[in-house]
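No value in this document is a laboratory result; all are computed from the given coordinates. Since this is a predicted model, take the numbers as computed values, not measurements. Cβ sites come from the backbone with ideal geometry, for glycine too, and all protein chains shown count toward neighbours.
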Amino acid sequence: MHSKSGKNLFIFIGGSDEQNGDYSGVHRLARRGGTSQWSSTKTARPGDRVLIYIQQPHSALIAEAEVLTDPVKGEPGDYAYRAKIGNFQLLPQRFTISDLKREFPRWGFLRYPRGKAQVPKIFANRLWKLVHEKQSRVQITISNSRHGQQLLEKMVLSGRAAYWSMPKLTTAGDTVLFYVEHPVSAITATGKALTGTRATERKWFEAKVGEVQTLKSPITLAELRKMFPDWAWTRFMNMFCYVSPDRARALLERCRREVSETIVLNIRAGGAGFGDAKTNRLVEQAAVSKVKRWLRQRGFIVISRESERIGYDLDARKGRSEIHVEVKGASGTGIQFPITAAEVKRSQADPAFRLMVVTNARTRQARVHQFSGKQVRRRFCFTPISFMAIATGETNPPSMPNINSVQRLFP
């Protein structure tokens, strides 16, 4: 007997690619459309909902489908009944047999899920909701190594956003983790969804993502498997993945150690650093040299503007693109250095402005960190270390502004 919605819920079983190719077949049907004659129960009817369970080594629900015809009795040696099913869609996240047993400990079918079954009514609505809900505001999206990594580097360098294939339920403000496939096999960058998703002609969805930052130490597949030994996605990765709240917290904490260091820009009227003048000059020269080489390796034509004192050091041009680069050097790994008020104002007014900080500037471990003007305003804390004192001629001159009032000059 059908439920009030007119649709019962069934679990149909499929095999791995090693067994019969069902696993890849489901992905192909979800991507291109089409139907399949699938082993069915006798009681299934057109319109009923189906969840596809793939057996070992996957042992998980991976897709949904719909029954399109009444079951037909199979030929001798075949399954007892087959029905045509279609409208395949991959689930937002795989639901493993362990997940199912944890959610439905009293469901006997889960102890030995070898055959198709109708989901008991007391579990059906809850199961359907569980396999479709978005579990957190963190998504993983996959890209190929060459094109994907190049596009990520371009987005970091330019500070611009771009449309990217994303899970259907992605909403504006979600955190995006970019996983680059073989041979990198690692989460290499983080970003933020700036819009919700829209459908594409390829039956996927895409959202505009930006605020991309690269990780100093990518989170490799081996590290992911060590962090989450029971996470099925790390063994058989779909194109997209919604991340559970517990995993999301662990991944975000791992990413924060890479991209969210405490960053302090010490504002002063002039000067080059905290050391003596000679050391500061050598650090600055090494940093500029490193950034020039870094930009040229990426196809930019670099022109020095250092002597002009216009709020940045280098013009970098590639095709029709041009960026204005202010270079800062640091002797150690911390991102902390003086910056002039003119340079801060330039970062706010110039869309082409890029701040490039070179840590360990005079060593072989030198590393370039990139920030757009927007990122400078959002991620940096400004702390004044000197003031310009101007005599007013008054007997009782105005009191010195406190630190907070100076910081408000650079919101």
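Subtracting the Cα-Cα distance of Ala162 and Val72 from 0.36 nm times their residue separation leaves 27.5 nm of extension gain. Consider all pairwise Cα distances in the chain and report the whole-number % of them above 27 Å. Here the tail beyond 27 Å accounts for 61 percent of pairs. For region 343-352, 3J(HN,Hα) computed residue by residue from phi via the Karplus equation (6.51, -1.76, 1.60; θ = phi - 60°) reads 5, 5, 4, 4, 4, 7, 9, 10, x, 8 Hz, glycine and proline entered as x. Among the listed pairs Lys101/Lys226; Lys129/Lys374; Lys73/Lys101, which are separated by more than 30 Å between their Cα atoms? From Lys101/Lys226; Lys129/Lys374; Lys73/Lys101, over 30 Å: Lys129/Lys374; Lys73/Lys101. With a simple spin-label model that places each label point 7 Å from the Cα along the Cα-to-Cβ direction, the separation between Glu153 and Ser59 comes to 4.1 nm.
What percent antiparallel are the DSSP beta bridges of region 264-384, to the nearest 5? Counting DSSP beta bridges with both partners in region 264-384, the antiparallel share is about 50 percent. In sequence order, region 277-294 has phi-based couplings of 4, 5, 4, 4, 5, 5, 4, 5, 4, 5, 5, 4, 4, 5, 5, 4, 5, 4 Hz under the Karplus curve 6.51 cos²θ - 1.76 cosθ + 1.60, θ = phi - 60°, and Gly or Pro positions carry x. Here, region 130-224 has an Rg and a Dmax of 12.9, 39 Å when only alpha carbons are counted.
Extension gain, Thr43-Gln348: 0.36 nm per intervening residue step, less the Cα-Cα distance, totals 103.2 nm.
Straight-line reach only, C-alpha to C-alpha below 18 angstrom: list the lysines that Lys292 could link to, leaving out same-chain residues fewer than 8 apart. List returned: Lys154, Lys318, Lys328. For the listed peptides 348-361, 212-225, a ranking on the average number of other beta carbons within 10 Å per residue, highest first, reads 348-361, 212-225. Both radii are taken from the alpha-carbon atoms of region 9-132; with Rh as the Kirkwood radius, Rg/Rh is 0.93.
Ranked for footprinting exposure by Cβ neighbours inside 10 Å, fewest first, Ile13, Ile62, Ile122 give Ile122, Ile13, Ile62. Within straight-line reach of Lys116, meaning a Cα separation under 16 Å, sit the following aspartates and glutamates at least 8 residues removed in sequence or on another chain: Asp22, Asp48, Glu64, Glu66, Asp70, Asp78. Percent relative contact order of the chain, based on C-alpha pairs within less than 8 angstrom and at least six residues apart? Relative contact order of the chain: 11 percent.
Taking the charge dipole of the chain about its Cα centre, with +1 at Lys and Arg Cβ atoms and -1 at Asp and Glu Cβ atoms, the residue from Ile85, Trp164, Cys255 reaching farthest to the positive side is Ile85.
Put in order of Cβ neighbour count within 10 Å, fewest first, the listed residues Asp22, Asp78, Asp99 become Asp78, Asp99, Asp22. With the simple model of a label 7 Å out from the Cα in the direction of the Cβ, Arg126 to Thr171 spans 2.4 nm. Here r is the Cβ-Cβ distance between Trp231 and Lys374 and R0 is 35 Å; the resulting FRET efficiency, rounded to 0.05, is 0.55. Using a simple spin-label model with pseudo-atoms 7 Å out from Cα toward Cβ, Thr363 and Lys278 lie 2.2 nm apart. Annotation: amide H of Gly196 within the under-5 Å range of Ala172, sequence separation 5 or more or interchain, hydrogens built in the peptide plane. In order along region 40-57, the Karplus-derived 3J(HN,Hα) couplings, from 6.51 cos²θ - 1.76 cosθ + 1.60 at θ = phi - 60°, round to 10, 7, 5, 8, 5, 9, x, x, 5, 8, 10, 10, 8, 9, 9, 6, 3, x Hz, and Gly and Pro are given as x.
Fewest neighbouring Cβ atoms within 10 Å first, the residues Cys381, Cys255, Cys241 line up as Cys381, Cys255, Cys241.
Using only side-chain charges placed at the Cβ, +1 for Lys and Arg and -1 for Asp and Glu, the dipole size of the chain relative to its Cα centre rounds to 340 debye. Which shape class applies to region 320-363: rounded if a/c is under 1.5, otherwise prolate when a/b exceeds b/c and oblate if not, where a ≥ b ≥ c are the square roots of the Cα gyration tensor eigenvalues? The shape class here is oblate. DSSP beta bridges confined to the chain are antiparallel in about 70 percent of cases.
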